[in-house]
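Engineer: Please read through the structure below; I'll follow up with questions.
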Amino acid sequence: MINLIGDNTVWLREALRTAIAEVNDLHRDTCALDQEAVPASTVVMIRERDDVLEYLVLSDNVLVLDLSDNGIQTVTDKRVEEVASDEMRAALQGPTGTPEHAARVSELVTVQRGLRNRPGGYWVAATDPAAADEAITGAVDLAKVRQAALLTDGASRLVDSFGALSWEQLLDLLRTEGPAALIARTREAELADPAGERWPRFKRSDDASAAYVCVGQPVPLSSGTQRSRSAQLPRSDDDST
C-alpha cells in the first residue's frame, strides 16, 4: 500500500483496490477467501498531491483535519452504525462484561457480518476489491491544513463517544505528547467506567491506533509523533466488537 500511494498517478481508491487484490493472491491457495468471517480492516489514509491533501476513509475510522482559520473538519464513514440499529441499541445496554451483554454483542456481530460489503450494508477492506469503490474520498487545499490525525474508533472515543476532549484538545495532546499519551488517557477513562454505565459501549476497551501528521511546519517530536508526506492507518476489523 505504501508503494502504491507513493505514486501520484494512482488514485487512492485504485491503490486500495489493488492492495486488496494482491493480498488475496498471496492467500488464495491456502485460505478460504469466500467465507463470511474472513479478516477485514477499516482504512484511513492521506496523501499530499500537488497543492492538495487527498484522503480516503473506509468504515469507522476518523480523519481529523485542522484547517487553520476554517476550523476542524472530521471525516468518517458511519454506515456501520446505520445498519442493524435495533441490535446495536440492545448491545449498548450494559453492564459490559456480563454474559447477557456478551450475547447481545454476539447477535449484533452476526447481523453485521451478513450486511458487510454489500449494498444497503457497510463496507470494509476484506477480500472484495470492490469495497475500495465505496470508500469516502476527497481533497482539501494543502495550504489550509496545519495538522491531521488518523484514528481508529478506539482512539477517537475520548471525543466522539466520551466527550472528555474536544477535537482541538485531542490534536494538542497528539502534538505535544504523541499517540501513546492519547491511548493511555483513553485507557484511564475506560478503567474509570469498566461497566459502561457512564459511557455505554460494546466492550470495555477497543483496539486503538493513532497517527499524527504536521503539515508544512516543524513540530517537536515526542514518542509516537511523526511528520510525513503520506500516512495510512489500516486496522483489523471485528465488526462492532
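The values are calculated or read from the model by the stated rules, or taken from the named source; none is laboratory data. The shown structure was predicted, so the numbers you read here are calculated from the model rather than taken from an experiment. Cβ sites come from the backbone with ideal geometry, for glycine too, and all protein chains shown count toward neighbours. Side chains included, ligands, DNA and RNA excluded: accessible areas come from the protein's heavy atoms. Shrake-Rupley method; radii C 1.70, N 1.55, O 1.52, S 1.80 Å.
Engineer: Might you let me know whether the stretch 64-78 holds any residue that is open to solvent by 30 Å² or more (accessible area, probe 1.4 Å), of a type in the set (D, E, K, R) and out of contact with any strand residue (DSSP E or B) (no Cβ under 8 Å at 6 or more places or on another chain)?
Structural biologist: Yes, some residue in the stretch 64-78 is open to solvent by 30 Å² or more (accessible area, probe 1.4 Å), of a type in the set (D, E, K, R) and out of contact with any strand residue (DSSP E or B) (no Cβ under 8 Å at 6 or more places or on another chain).
Engineer: Something else: Residues of the stretch 147-172 being under 11 Å from Leu65 (Cα atoms) and buried (at least 18 other Cβ atoms within 10 Å of the Cβ), which ones?
Structural biologist: Hits for the stretch 147-172 are Gln147, Ala148, Ala149, Leu150, Trp167, Leu171.
Engineer: Considering only residues of the stretch 158-172 that are at pLDDT 95 or above and not in a helix (DSSP H, G or I), which is farthest from Glu100 (Cα to Cα)?
Structural biologist: Restricting to residues being at pLDDT 95 or above and not in a helix (DSSP H, G or I), the top hit is Ser166.
Engineer: Which pairs do you get when a residue that is closer than 17 Å to Ala130 by Cα, found in the stretch 22-40, comes within reach of a residue that is small (Gly, Ala, Ser), reach meaning Cβ atoms under 8 angstrom, with the pair 6+ apart or on two chains?
Structural biologist: Taking only residues 6 or more apart or on different chains, the pairs are Glu36/Gly114; Val38/Ala32; Val38/Ala126; Pro39/Ala126; Pro39/Ser236; Ala40/Ala125; Ala40/Ala126; Ala40/Ser236.
Engineer: Another question, if that's okay. Being at pLDDT below 90 and not in a loop (DSSP other than H, G, I, E, B) narrows it down to one of Glu36, Glu81, Glu48, so name that one.
Structural biologist: That would be Glu81, the only listed residue that is at pLDDT below 90 and not in a loop (DSSP other than H, G, I, E, B).
Engineer: Do we find that Val83 is open to solvent by less than 50 Å² (accessible area, probe 1.4 Å), without any contact (Cβ under 8 Å) to a residue 60 or more places away in the chain, farther than 17 Å from Pro200 by Cβ and in contact with a strand residue (DSSP E or B) (Cβ under 9 Å, 6 or more places away or on another chain) in this structure?
Structural biologist: The answer is yes for Val83.
Engineer: Listed residues Arg13, Arg89; which is under 17 Å from the mean Cα position of the chain (by Cα), assigned to a helix (DSSP H, G or I) and either among the basic types (Lys, Arg) or at pLDDT 95 or above (or both)?
Structural biologist: Matching residue, one of Arg13, Arg89: Arg13.
Engineer: Looking at the structure I just gave you, is Gln112 in a loop (DSSP other than H, G, I, E, B) and either open to solvent by 60 Å² or more (accessible area, probe 1.4 Å) or in contact with a strand residue (DSSP E or B) (Cβ under 7 Å, 6 or more places away or on another chain) (or both)?
Structural biologist: Answer is no for this residue.
For every residue, the table says whether it meets (1) without any contact (Cβ under 8 Å) to a residue 40 or more places away in the chain; (2) more than 19 Å from Asp160 (Cα to Cα); (3) buried (at least 22 other Cβ atoms within 10 Å of the Cβ).
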residue: Ser59; (1), (2), (3): no, no, yes
residue: Ala91; (1), (2), (3): no, no, yes
residue: Gly97; (1), (2), (3): no, yes, no
residue: Arg118; (1), (2), (3): yes, yes, no
residue: Gly121; (1), (2), (3): no, yes, no
residue: Ala130; (1), (2), (3): no, yes, no
residue: Ala143; (1), (2), (3): no, yes, no
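Engineer: Moving on to the next point. Output yes when any residue across the stretch 173-182 is open to solvent by 70 Å² or more (accessible area, probe 1.4 Å), modelled with pLDDT of 95 or more and not polar (S, T, N, Q), and no when none is.
Structural biologist: yes
Engineer: While we're looking at this one, here's another question. How many residues does the stretch 208-241 contain that are modelled with pLDDT under 90, within 16 Å of the chain's Cα centre (by Cα) and not in a strand (DSSP E or B)?
Structural biologist: Adding up the residues that qualify gives 4.
Engineer: If you don't mind, another one. Within the group Ser106, Ser41, which residue is out of contact with any Leu (no Cβ under 7 Å at 6 or more places or on another chain), outside any loop (DSSP other than H, G, I, E, B) and under 20 Å from Leu4 (Cβ atoms)?
Structural biologist: None of the others qualify; the one that does is Ser41.
Engineer: Name the residue that is nearest to Leu158 (Cα to Cα), counting only residues in the stretch 188-206 that are of a type in the set (Lys, Arg) and crowded, with 17+ Cβ neighbours inside 10 Å.
Structural biologist: Looking at residues that are of a type in the set (Lys, Arg) and crowded, with 17+ Cβ neighbours inside 10 Å, I get Arg201.
Engineer: When you check Arg185 against the structure, is it assigned to a loop (DSSP other than H, G, I, E, B), touching a residue at least 12 places away in the same chain (Cβ under 8 Å) and either closer than 27 Å to Ser41 by Cβ or open to solvent by less than 60 Å² (accessible area, probe 1.4 Å) (or both), yes or no?
Structural biologist: No: the conditions fail for Arg185.
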